[in-house]
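What follows draws every value from the coordinates through simple rules; no lab data is involved. Everything numeric in this text was worked out from a predicted model, so none of it was measured. For neighbour counting, all protein chains shown are included, and Cβ atoms are generated from backbone atoms with ideal geometry for every residue, glycine included.
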């Protein structure tokens, strides 16, 4: 008889599904199966069991090979690196729990670091736009229970947030949406005919990078004003149709992703998407929501918000918190050679930063905290593997709609492995010792 | 534990009837004791020429949780030119109207406060509120979950099922580790799920077919059925609308006939928060169209004994408004065209956040200021009137001492009206010009601690220096015998000389020297098994929530590492 | 050798997600992300077979990936490389002073790969690009 753990929270994407069931071996040590998860979530749980998993810190030698070191040595290396740095960059903070983020914040304050999270390459544009114009939003249950108009703009949940449509946005039967998908009109805006677009009632296949123009045209259409024949590759009739569809809904929602935040215009694209949503609230009820990527990037912004007042790009080097994306953002700092050491936790910039930034990391004293081998560990001087949050240690995470859920521990980590939080606490203690000495 | 003897100060303690007498005050083992009960090793604090009170108790402020953090994160400008580095035991801080949690704690400590109640906690997001409270050092805190638009409550009260409502409330307080019942724009926030509102207490809530009046009465009854420490905490319909005082009077009158139950010593069944926003006459915000209705409201409040209120006094600052009254914030964003955040929470509530500038040179902001001040000056019973700014809605937290200055000094009020562009028009439209009352320190102690503690059901712990209560003492560098410049009030009450909290010295010679031993207060209310409510809860989680029932409750170890649990037995 | 110009966008795919969680050092990650998806029209213009290696070059770098037919097309004129180190050899790192590199909409040219040019695994790719020792 295997043992089943229920209500397990998936530590992959911002959808933060909390209905997984995991079956364990009799002794509770091995994960056998993962139920209810998407393919990515299941892969994450099962990979934690991989036989070739690295379980001890390692340090790169002069000749490029790795040598195992103890956690104490890794703590010492990290603490000394911080103590000797004038401006360390502490990056990541998204695939970890709020407990680790909290300790990391204190550490960042003590060592005078610049702290940035994965929003800087994801929804940083959104965070800036919200500072410009605000954001009318809601929790995902409001969508499930009320929304009858659902727009996916520059996002592809069929691939990136695989259970989003079935749990929250398209298929579920909610309180006022008893017919599920039949209660809803679905619009997808994407330059590709994505698997999400293929299920939509309306697909606007706009020209890549013309989001601002199209959003602006929708605002024009709301007001019944004249449009050019074609905007962003979309005929005006289609634009009027979509505008009317949204206005006529009882509850409209726009989900948006990297298609908008990564394309030129960036935060301005989001500004106007939010303006569209504000407009809609004069006719009906409407909300807009970023499809946050990492399962707890949202939490990172929350923790820094209450500790420092800013959701990303937090510069603590002067002893108080400053914020100026473009200046205090990870990629700008790296590319301008403004930081003298690099620390990564809960992210993989080696894989997801432009190569020009990754090259800079490779030339810095650096530590990477990550359960996996990644392109980041490949360019760092010390790699510290840790327990998987949400699998081997619990802790708080914030869903894309800011709902905090406590992730669960399902199995023990391999013997002797530390968690993010434990490792950071040791580093903090060691830094304080060094500073006092 | 440490012992303290505070000597030679002018002591104000309305509970003990001490009105400025020079009395020695002592703390031992974390509690107040008789001055003769401390040993010779006690740390002696010489309060000569200073004012001594029990630590302050804040009954209503927005200081921790999701909407507060929205305010921080979406207003980088709120941190401009006011960031402070860490120093000694203090960490770095920042923020003017929505300070970081660290600065919130230091601000309270410097104003001599020991307890604060976070005024609105969305149940589904309770973990967030608790994480922020946990990271706010020094002060004890509790948080009120919001109930007035909760689908369970609407469905039970539609059928007048008080017992089921009460059982559900007790369950939710346990799940969220909440302190009591908050009721914000009853029905209106649910209507806002469709972009609508309930503007009077008789507007029917769409689909749910219940009126705000039914919700208000039902929540009072459920509160007293359970006998909770605090009463139903009310933010009524049509906040901020000219002419809303009639709706407010109707709301207050719903409490008639109800008496407090339970063992916590409070006298009220309804606390109307930020009453200022609910006391407007007239029909517009213009100097010709607006009128204060503070007198009409206070005539009623003074005539009954089962209602308390806090003021929500406007401080004439740039600030950040935030409330679970979603439709109001939408309305506000259309008035000032500044950025607007809305955040609806499934099955439960909503929130809106909009920056706001109360300009001293506008008529309406100064008129709002006047209305709030009038309420406090007209209150016959200072044990039922509490001074707040509904922080940060009417003004930032750190402005409390400025508000006290206005209440304690006619000269300060006259100076403000003199200086304001439309001061004369405000005198015409409001009652402020007729009021020459100045609040005494004895009354101030009631309005900022003794009365608040009693209304919260915490008079056995806070609000007085009586032996046996918590060892929470503040010394303000204010000499009531010599001070004549009202500016001294603002200076002194924002810069406590000494704060002892739970028997530990937090502020010493005006400097913060300890992060104390912060506790999270919540109410564990036991009720009889209720199969119906348990069934309804399971059904709602299966069908309508987006988290599972098992992932809803706030666990103790991480979110409330240092709890103070108030046990209530409602099984009989 | 013929060459075509495309507009590059990147992003997630489910295969990228699954293979990433199984280990970025594994061949499956390379197979999922070391690719470029193009329309059949563009294949014709380029004159290469499907599932052969191509060299993709932008102002910011160059990388060898396998060309496959668009799975979520048609999208004529657009090249799609899933997010990952291969795409990031090419994308425009400029943030225009707001923090976010310009990950989408990078002009690229695509040409058939030379004899023997292989798609590197993620670790090899990063090590060869970043740890060359030349700096």
Requested in this report: Please report, to two decimal places, log10 I(q)/I(0) for segment B:1-160 at q = 0.09, 0.12 Å⁻¹ as given by the Debye formula with identical point scatterers on the Cα atoms and no solvent.
Outcome: -0.45, -0.72
Query raised in the report: Rounded, prolate or oblate: which fits segment B:351-397 when a ≥ b ≥ c are the square roots of the eigenvalues of the alpha-carbon gyration tensor, with rounded for a/c under 1.5 and prolate only if a/b beats b/c?
Result: oblate
Query - Residue mean of other protein chain beta carbons inside 10 Å, A:354-364 - result: 6
Requested in this report: Apply the Kirkwood formula to segment B:228-361: the hydrodynamic radius equals the inverse of the mean of 1/r over all pairs of different alpha-carbon atoms; give it in Å with one decimal.
Outcome: 16.3 Å
Query raised in the report: If you count, for every residue in A:258-270, the Cβ atoms of partner chains within 10 Å of its Cβ, what is the mean?
Result: 4
Report summary line: P(r) over all Cα-Cα pairs of segment B:395-539, 5 Å bins from 0 to the longest distance, whole percent per bin, short to long, reads 2, 8, 12, 15, 16, 12, 9, 7, 7, 5, 4, 3, 1, 0
Query raised in the report: Where does segment B:144-455 land on Rg/Rh, using Cα atoms and the Kirkwood Rh?
Result: 0.96
Query raised in the report: What average number of partner chain Cβ atoms lie no more than 10 Å from the Cβ of the residues making up B:64-70?
Result: 4
Report task. For a footprinting-style exposure proxy, rank B:487, B:141 by other Cβ within 10 Å, fewest first. Result -> B:487, B:141
Requested in this report: Enter the per residue convex hull volume of segment A:3-47, computed from alpha-carbon coordinates, in Å³ rounded to the nearest integer.
Outcome: 58 Å³
Query raised in the report: What is the diffusion coefficient of chain A in µm²/s, taking the Kirkwood radius over Cα pairs and the Stokes-Einstein relation at 4 °C with a viscosity of 1.567 mPa s?
Result: 57 µm²/s
Query - Most to least packed among B:79-89, B:408-418 [average Cβ atoms within 10 Å] - result: B:408-418, B:79-89
Requested in this report: Compute the separation of the alpha-carbon centres of segment C:48-101 and segment A:14-44 and state it in Å as a whole number.
Outcome: 33 Å
Query - Ranking of A:16, B:16, B:407 by count of other Cβ atoms within 10 Å, fewest first - result: B:16, B:407, A:16
Query - Where only C-alpha atoms are counted, convex hull volume of segment A:226-315 per residue in Å³ - result: 139 Å³
Query raised in the report: Out of every Cα pair in chain B, what percent are spaced more than 41 Å from each other?
Result: 17 percent
Query raised in the report: Along the three principal axes, how long is segment B:70-190 when you take its alpha carbons, biggest first, rounded to the nearest angstrom?
Result: 56, 27, 22
Requested in this report: Give me Rg over Rh for segment A:198-238, both radii from the alpha carbons and Rh done the Kirkwood way, two decimal places.
Outcome: 0.97
Requested in this report: Take every Cα-Cα pair in segment A:76-215 and report what % of them are more than 20 Å apart.
Outcome: 64 percent
Query raised in the report: What fraction of the Cα pairs in segment A:277-396, stated in percent, has a spacing above 22 angstrom?
Result: 49 percent
Query raised in the report: Can you work out D for segment B:507-572 in µm² s⁻¹ from Stokes-Einstein, where Rh is the Kirkwood radius over C-alpha pairs, the temperature is 10 °C and the viscosity is 1.306 mPa s?
Result: 102 µm²/s
Query raised in the report: Over all distinct alpha-carbon pairs, what is the Kirkwood Rh of segment A:341-382 in angstrom?
Result: 9.8 Å
Query raised in the report: So how do C:109, C:40, B:303, A:169 line up by other beta-carbon neighbours within 10 Å, fewest first?
Result: B:303, C:40, C:109, A:169
Query raised in the report: Using a ≥ b ≥ c from the Cα gyration tensor of segment B:340-424 (square roots of the eigenvalues), is it rounded, prolate or oblate, where a/c under 1.5 gives rounded and otherwise the larger of a/b and b/c decides, a/b for prolate?
Result: oblate
Query - At 1.002 mPa s and 20 °C, Stokes D of chain C from Kirkwood alpha-carbon radius, µm² per second - result: 143 µm²/s
Query raised in the report: Can you give me the pair-distance distribution of segment B:214-263, C-alpha pairs, 10 Å bins, whole percents?
Result: 25, 48, 22, 5
**Report entry** Cα-derived Rg over Rh, computed across segment C:75-119 with Rh taken as Kirkwood radius
**Finding:** 1.04
Report task. Compute the separation of the alpha-carbon centres of segment A:52-84 and segment B:380-451 and state it in Å as a whole number. Result -> 61 Å
Query - For segment B:478-519, alpha-carbon Rg and Dmax in angstrom - result: 12.8, 38
Query raised in the report: Could you state the per residue volume, in Å³, of the convex hull enclosing the Cα atoms of segment B:286-346?
Result: 152 Å³
Query - Quotient of C-alpha Rg and 2.2 N^0.38 Å, computed over segment A:124-290 - result: 0.94
Query raised in the report: Under a no-solvent Debye model with one identical scatterer per Cα of the protein assembly as shown, what's log10 I(q)/I(0) at q = 0.05, 0.06, 0.07, 0.09 Å⁻¹?
Result: -0.33, -0.48, -0.66, -1.07
